[in-house]
Each structure stands twice: as structure tokens, then as C-alpha cells.
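Working notes, beginning with the structure itself.
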Amino acid sequence: MKAVFNTVDKIKPCFDYVDKLVLFICKILLIIDIVITAMAVTGRYVSFIPDPAWSEEVVLSCMAYMAVLSASLAIRRNSHIRMTAFDRYLPPKVLIALDLIADLAILALGLVMIFVGWSYAQRLGSRGFYVSMPSLSRFWMYFPVPLAGVAMVIFELEMIYNRIKKLVLGEEA
Amino acid sequence: MIVNSMAIFVLLGSFFVFILIRFPIAYAVALSSILCLLYQGLPLTTVAQQMVKGISSFSLMAVPFFITMGYLMGSGGISEKLIALANACVGWMRGGMAMVNIVSSYFFGGISGSAAADTASLGSIMIPMMVEQGYDDDFATAVTVTSSCEGLLVPPSHNMVIYATTAGGVSIGSLFLAGYLPAAILAGTLMVGSYIISIKRNYPKGDKFNLLNLFKQMALSFWALAAVLIVVVGVVGGVFTATESAAIAVFYSLIVSVFIYKGLTWKGVWRVLDQCVDTLSIVLILISTSSIFGFLLTRLNVPTLAAKAILGLTDNTILLALLLNLILLVLGVIMDMAPIILIATPILLPIATSIGISPIQFGIMMILNCGIGLLTPPVGSVLFIGSAVGKVPIERLVKAILPFYLLMIVTLLLLTFIPAISLYLPSVFM
């Protein structure tokens, strides 16, 4: 069994790479949000700085992408807020089993978000456009939901694997 | 009014089961909402629609910006300057370092808006300093963690933005102003408590008061404190919205931290963004998924039903106000701050307003209640950070905090029964 885990562990660098990439994208999105908002407000008072009409919609879309992508990072880092009040009263194996159940449920949620989100984004995308950018489909406004689903599924698969490994190998994992 | 009891049971029952079995709250909210949607035969596309709607609020953009501003300032070497300023103000008193700790938190809170950041940042400097001067380590840590709650009330606070958006129609500017006096009263009561303990334990006094030194420290801290001025004056004066002011304040913090105080390099700034994303990864998705939950709560008339049920218990407004505080305190003990604000606001705010508590006053009450929750086991994150920074075991720390809990409850009761504490400044300036 250990050999199987050792073989699968070789994929870990791929997850690390995705993690780094997602973190990088989130940081860039945050910077874009700050720059555009600051530019828009300064542009209101300083004539030579542009105050584009699309600023608000772009900023909100960037925030939506950042919110969902960063949330998938929190899955991998196990940093999402959860109730840990009774942890000390539960045996470690029960805790891992509960975490595993939660991970499976989140994986299911991720799948729902992929399929439902994709169908909604496509349907709405075919109907409307950004108000300030008539050439841009509203598909991109709702695309963060299926995208979040994909990121969640990727990191959840790794988490589930890690939990199973911990359950099987115990402290060795 | 049609009451769909079973759907409410599915929504709330599954939510409580999920959080009890340790599901991350952000996803427990989404999953219970999906179960409720399925039960009601509603389309699951509501999930996508509400998630995007929840996060697509320009006011909410202030949350990531304020968090970024706090991290930039916190990492930019302002802690020492604010401590020096507080020392010049109150260091001369008996138990001077405890007073300095409390006043520093007031200043620092305005910049970070986070009790955890306050405890980690100020605590790592103040606790060793206090211990070196003869203060007990548990007392030093207790003062640090309890005073950190001032930061939640002193504007700008991203939790206030979350509350204002969740409550709907609450002015962020008014809420910012409403936080100043309650935070000052909290600081005052903590100072009184610390003073009494300091006399009993014969803790030392600091250097004599020196007006010249006070002016010097004010000048040194000016650039840091000006960030708060930009935000508060900008918002209250109608120059810009909270979100716009936050974006400007981020740029300002960057300039102060990198070029004026030189506490951060560009590499450091990039690393600070890591911390920002870490925090945002928890907060933003919670806001997004809570939107589905909020939609269902409203659709199922839960706020109205909860108001009816609680108002049916008694018509005594004092008891009802106490009951609201009790509910929030209990929630604060078992849950973190952002989920409570997002989930409890739509349910409890109508009850508060029906007994004459204004949404602004209720927001301040809620934030202080949640702040107390951050200091209580088993999930008090600030308590754990304090314990780690001060190297004091949780059991001993909780014992040392006991008198401070009492002082915080006294402050909470003052805020609950004297609305003017929260509403005076907004009534003057807004």
C-alpha cells in the first residue's frame, strides 16, 4: 500500500504548481482591482487621469474571479473557517474521517458548480453583455462559478487523497 | 404569509449538522442551501446566480482593500511608532505599559481593523517589553488580546463593511463614525481594570509625561495615522465612497511603508500580497456563498418568523436587547466573526429594529459581541494567537482574562442601553 502512495505522491509537484499559479493570478487580480479603482477615483478629480466607464464592472468581475480562485487555495491549505470546538474530545481517526466526509461533500459541491455554473453562464452569456462594454458577453461575469468548481475539484482530490493516506498509514503519512 | 416549515428545517437543520461535523462554514452554507433548493424544487442555477450577485457589490470591494492596507501598514514598521506615541500619551501612569498597550491598540486598530493582526503585531513587541519591566506574562497577554478588540470598532474596519452590506442600506460612513466612541469606552474600561490590577500588583510607572516627546511622537506617527484620516474624512466628507477611499489608502500605505518608513521592500510588498490573498480566500467565498443562504432565508420568511418568535417571548425591550446580546455572544463562542455577521444579521437585525435599536447601533453591538467571541475558547482565534505570542498556556490566559471579560460585558451593556454612544458622532457629522 505504501508503494502505491509513494507512486501517487509523485503528482504532488503538479498540485504545487497549480497552487503557485492560482496564488499568482489572485495577487495580480487584487493589484488590478486596486489600480483601477484608485485610477477611477483619482480621474474624477484629476483631468489627465482616465476615469473609464468600465472600471466598476471590470473591478467586480476581477473580485469574483479572485474570490473563487483564492477559496480553492484555502481548501488546499485547510484554512477555511470551521467549527473546531469539539475537536479535542474526538479521536484523531474520527476527525480525519469527518474531514474526509466534508471533502467528499465539497467535491460534490464543486461538481454542481461546474455543471450548473457552466450552463447558467452559457445561457446568460448568450443573452446579455456588460453594460459598459457591449462587446463583452456576460458569460464572463458568471464564468467564475464553474471555474471555482474546477479549482475546488482539483484541490479537493488532493485533499481526499491525503486524508485517505493519513487514515491508512496513520502517523507515517 | 406562507410558512414552509419543512424547507426551513432542511435549510437550518442541515446547516447546523454540517457545521457540527466540521464542514468549512463557507461550504456548509452552500450545501445546505442546495439541499433546500432541491427540496423546494427550485433550479440549482440559483446557486450560480446568487454566488455572483453576493460578491458583485462595489461596497464589498472595500473589504479586500482594507485588508491589504492593514497588511501593508502592519508590515511596514508602524507598530513601534504607534507604541512610542501611546507611551508618550499614557506611559506615565501606574501600570503604564498596560495603558500603552491599550492605547496602541486603539491607534493600530484604525490601521489594521483586525484583532488578530493587532495581537500578533503589537503583542510580539509589547508582551516581552511588559514582562521585562516586571509585569506578569499572563496579565501582559490578557491586556494585549482584550485590547485588540478595539481594532474591530475603530474605523476603517472591513467587518463594518461586511455588516453594512449584509444589513442593506446602512451607511458605511455612519458606521465608521459610530465605532469611535464605543472603542474609546472599551479602551477606558480596560484601562480602569488594568489600573486597579496594577495598583494591587504594584506594577511600575513609566517615565514622566513630556509634552515635547508627545509632539515628537505624533509627528513620527503622523504618516501612519493619516491613512485613517484619508479614509474617514474622505468617506464622511463625501469625497469618495468607502471602496474608493480604501483603494486610495492602499496606495498611500504603500508609499508610507516603502518610501517614508522604509519598513518594506518591493519583495516584501509581494509577500504581503500572499498574506492578503490568504485572508481573502476565507472571507470572500464566505460572502459569496452566504448570499445563497440569505436569499433562501428571505424567501422562506425566516427573519420575520424569528422576529415573531423572539418578540413573542416577552415585550420587555430590555430583556429582548439582553437576549440579542446573549444570542450573539453564544454564536461568538462557537463561530468566527464573518460567518456570524453574514448569517445572523438578516435574522437578528429586524428584531433589533423592532425594539428600537438602530441598525448602526446594532452593528456596533454585533461587532463587539463577535469581538468577545474571538477571545473565548474553544474557537477564539485571537485567544490562540495571544497564547502563542505571549507563550502563556490557554488555561492560564483565560483565567487572566476573566476580569477583562467582565469589563467588556460592562462596555457591551453600556453600548446596548445608551444608544448615544454609538449614534452621537454619526448624528453630528452625517
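The table that follows gives values for the structure above.
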read-out	value
Complete set of residues in the stretch B:13-68 that are among the basic types (Lys, Arg) and facing chain A (nearest Cβ under 8 Å)	B:22
Matching residues in the stretch A:91-103 - criterion: being without any contact (Cβ under 8 Å) to a residue 60 or more places away in the chain and surrounded by 14 or more Cβ atoms within 10 Å (Cβ to Cβ)	A:95, A:98, A:101, A:102
Cross-chain or 6+ apart pairs with Cβ under 8 Å, the stretch B:229-254 first and in a helix (DSSP H, G or I), then of a type in the set (Val, Ile, Thr) and surrounded by fewer than 20 Cβ atoms within 10 Å (Cβ to Cβ)	B:233/B:239; B:235/B:241; B:245/B:239; B:248/A:42; B:254/B:269
Subset of the stretch A:67-79 (residues that are within 22 Å of residue A:117 (Cα to Cα) and either within 7 Å of chain B (Cβ to nearest Cβ) or free of Cβ contacts under 8 Å to residues at least 40 places away in the same chain (or both))	A:67, A:68, A:70, A:71, A:73, A:74
Residue match in the stretch A:155-165 (condition: of a type in the set (S, T, N, Q), buried (at least 16 other Cβ atoms within 10 Å of the Cβ), free of Cβ contacts under 8 Å to residues at least 40 places away in the same chain and assigned to a helix (DSSP H, G or I))	yes
Unique residue being of a type outside the set (S, T, N, Q), farther than 26 Å from residue B:61 by Cβ and surrounded by fewer than 19 Cβ atoms within 10 Å (Cβ to Cβ) when the list is A:48, A:86	A:86
Where residue B:242 falls short, out of the listed (1) more than 30 Å from residue B:403 (Cα to Cα); (2) touching a Ser or Thr at 6+ places or on another chain (Cβ under 6 Å); (3) buried (at least 23 other Cβ atoms within 10 Å of the Cβ)	(2)
Segments classed as helices (runs of 4 or more DSSP H), wholly inside the stretch B:330-430, with at least 1 members that are at pLDDT 90 or above and aromatic (Phe, Trp, Tyr)	B:359-373, B:394-417, B:420-429
From B:128, B:156, B:204, B:182, residue being touching a residue at least 40 places away in the same chain (Cβ under 8 Å), closer than 20 Å to residue B:79 by Cβ and not small (Gly, Ala, Ser)	B:156
Any hit, the stretch B:277-292, residues being free of Cβ contacts under 8 Å to residues at least 60 places away in the same chain, more than 14 Å from chain A (Cβ to nearest Cβ) and surrounded by fewer than 23 Cβ atoms within 10 Å (Cβ to Cβ)	no
Any chance residue B:264 is within 14 Å of chain A (Cβ to nearest Cβ), of a type in the set (A, V, I, L, M, F, W, C) and touching a helix residue (DSSP H, G or I) at 6+ places or on another chain (Cβ under 7 Å)	no
Scope the stretch B:126-141; condition under 12 Å from residue B:390 (Cβ atoms) and in a helix (DSSP H, G or I); matching residues	B:126, B:127, B:128, B:129, B:130, B:131, B:137, B:138, B:139, B:140, B:141
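The values are calculated or read from the model by the stated rules, or taken from the named source; none is laboratory data. All values reported here derive from a predicted model rather than from experimental measurement. All Cβ positions, glycine included, derive from the backbone under ideal geometry; neighbour counts span all protein chains shown.
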